[in-house]
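J.: The structure is given below, and queries will be raised subsequently.
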Amino acid sequence: MARLFQASCVALITASLVIAACRRSEPPIRVNGTALVIENQTHQAWRDVVVTVNGYYRGTAGTLAPGARLDASLGNFVTGLGQRFDPRRERVRVVEVKATDASGKPVTLELRNDR
């Protein structure tokens, strides 16, 4: 009975690891309806995070911890003249993320949505 229990536990753990390994990882930048998701998939915190949409609209965050997500409404991204991104009239074509990691190195990510 104890061996059967051990074998069941080993099989359950193995199945869990296989499922976790097969799970599709998400890209670090994604558009989710009218929201933009930025995910720090590194092991270092980011600071002075600047997100630019379509070259004109900007949003910022002070820090983004390792493994953390930044969920931002596209309507919160603003040009230098105060114009807000309108997801009903525009589509996201390019997203650029710039930040500095904990060691002082620059972080740069880009999403191109050319379709």
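The values are calculated or read from the model by the stated rules, or taken from the named source; none is laboratory data. From a predicted model like this one, the values you see are computed outputs, not experimental measurements. All Cβ positions, even for glycine, are placed from backbone atoms using ideal geometry, and neighbour counts span all protein chains on display.
J.: Given the condition surrounded by 10 or more Cβ atoms within 10 Å (Cβ to Cβ), modelled with pLDDT of 95 or more and within 13 Å of the chain's Cα centre (by Cα), answer yes or no: does some residue in region 74-92 qualify?
T.: Scanning region 74-92, I find no residue that is surrounded by 10 or more Cβ atoms within 10 Å (Cβ to Cβ), modelled with pLDDT of 95 or more and within 13 Å of the chain's Cα centre (by Cα), so the answer is no.
J.: Which strands (runs of 3 or more DSSP E) sit wholly inside region 19-115 and have at least 3 residues that are of a type in the set (A, V, I, L, M)?
T.: Once the strands (runs of 3 or more DSSP E) in region 19-115 are filtered for at least 3 residues that are of a type in the set (A, V, I, L, M), what remains is 35-39, 46-53, 94-101, 106-112.
J.: A further question on this structure: Does L70 satisfy the criteria of being on the phi < 0 side of the Ramachandran plot, in contact with a strand residue (DSSP E or B) (Cβ under 6 Å, 6 or more places away or on another chain), surrounded by 11 or more Cβ atoms within 10 Å (Cβ to Cβ) and touching a residue at least 40 places away in the same chain (Cβ under 8 Å)?
T.: Values: on the phi < 0 side of the Ramachandran plot: yes; in contact with a strand residue (DSSP E or B) (Cβ under 6 Å, 6 or more places away or on another chain): yes; surrounded by 11 or more Cβ atoms within 10 Å (Cβ to Cβ): yes; touching a residue at least 40 places away in the same chain (Cβ under 8 Å): no.
Against the criterion (on the phi < 0 side of the Ramachandran plot, in contact with a strand residue (DSSP E or B) (Cβ under 6 Å, 6 or more places away or on another chain), surrounded by 11 or more Cβ atoms within 10 Å (Cβ to Cβ) and touching a residue at least 40 places away in the same chain (Cβ under 8 Å)), L70 does not qualify.
J.: Quickly run through region 35-59 and pick out the residues that are of a type outside the set (G, A, S), without any contact (Cβ under 8 Å) to a residue 40 or more places away in the chain and more than 10 Å from A99 (Cβ to Cβ).
T.: Selection gives V37, E39, Q41, H43, Y56, Y57, R58.
J.: How about region 93-115: which of its residues are over 20 Å from G33 (Cβ atoms) and exposed (fewer than 13 other Cβ atoms within 10 Å of the Cβ)?
T.: Matches in region 93-115: S103, G104, K105, P106, T108, E110.
J.: Does region 10-28 contain any residue that is surrounded by 13 or more Cβ atoms within 10 Å (Cβ to Cβ) and either at pLDDT 95 or above or aromatic (F, W, Y) (or both)?
T.: Yes, region 10-28 contains a residue that is surrounded by 13 or more Cβ atoms within 10 Å (Cβ to Cβ) and either at pLDDT 95 or above or aromatic (F, W, Y) (or both).
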